[in-house]
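Colleague: Sharing a structure with you now.
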Amino acid sequence: MKTITHITIAAIISIFLFTSCEEVIEIDLNSSNPVINAQALIEEGTTASVRLMYSTDYFDGGDPEYIENSTVVIEDGSGNTETLEYSGEGYYESNLITGELNTRYTISFTTDEGQYTASSELKTPVTIQNISFEESLNSPPGSTGNQYTIIMDFTNDESQSNYYLIRFF
């Protein structure tokens, strides 16, 4: 009799442990109106490129709407200015002003909604002193093959506000 009671209790506990409740949670994600998205790039020795477009709603799978009729102006730290030429798909390209280290650049553009201005400085790149890799003991679930960890040594100039983007492939 004791054995049956223990088995019955174990079965009841197992039912509670292995039975799960499922509740559907409705999340109301709001749609949003498009906002202007400006992406600008200038690197040492190259001319500037600016792309203007409107953001798209999360639920809208369509292509973004490009801003094609803007006046885009770039100014360097010496006061030189250039109006960028439209080249298609929201891109505006510079032909004269090239990137120089430790120079502040200001981009301004005008749309139907108003005028916008942004500036940034092209800083001296940080020197990588050492780069190596080692085989990793851990790997993501479902991965096959060897996994490696990249180790980089570089010195950060604490007197400057720096932001690093490290790409590897």
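Colleague: Compute the acute angle (0 to 90°) between the alpha-carbon long axis of helix 2-18 and the principal axis of greatest extent of the alpha-carbon atoms of the chain; round to the nearest 10°.
Modeller: In the chain, helix 2-18 runs at an angle near 20 degrees to the longest axis.
Colleague: Kindly write out, for segment 103-114 in residue order, the coupling ³J(HN,Hα) from the Karplus curve 6.51 cos²θ - 1.76 cosθ + 1.60 (θ = phi - 60°), rounded to whole Hz, with x marking Gly and Pro.
Modeller: So the Karplus estimates, Gly and Pro as x, are 10, 8, 10, 10, 10, 10, 8, 10, 10, 4, 7, x Hz.
Colleague: Right, something else. Say the dipole of the chain comes from +1 at the beta carbon of Lys and Arg and -1 at that of Asp and Glu; which of Thr149, Thr124, Met53 then lies farthest toward its positive end?
Modeller: Comparing the listed Cα positions along the dipole, Thr149 ranks first.
Colleague: Select from Asn80, Tyr91, Asn162 the residue farthest towards the positive end of the dipole of the chain; place +1 on Cβ of Lys and Arg, -1 on Cβ of Asp and Glu, and compute about the Cα centre.
Modeller: Asn162
Colleague: For segment 22-169, what is the percent of antiparallel DSSP beta bridges, rounded to the nearest 5?
Modeller: Counting DSSP beta bridges with both partners in segment 22-169, the antiparallel share is about 95 percent.
Colleague: Right, another one. Per DSSP H run of n ≥ 4, the term is -39500 (n - 2.57); total these for the chain, divide by its residue number, and report the mean residue ellipticity at 222 nm rounded to 500 deg cm²/dmol.
Modeller: -3500 deg cm²/dmol
Colleague: Springs between alpha-carbon atoms under 10 Å, Gaussian network over the chain: tell me which of Gly114, Gly142, Gly88 tops the mean-square fluctuations.
Modeller: Judging by the Gaussian network model, the answer is Gly142.
Colleague: Taking the Cα centre of segment 21-163 as origin, sum charge times position over the Cβ atoms of Lys and Arg (+1) and Asp and Glu (-1), and report the length of that vector in debye to the nearest 20.
Modeller: 500 debye
Colleague: OK, next. What whole-number volume per residue, in cubic angstrom, does the convex hull of the C-alpha atoms of the chain give?
Modeller: Once divided by residue count, the hull of the chain is 277 Å³.
Only the coordinates and a few stated rules stand behind these numbers; no lab work does. Values in this document were obtained by computation on a predicted structure and should not be read as measured data. Cβ sites come from the backbone with ideal geometry, for glycine too, and all protein chains shown count toward neighbours.
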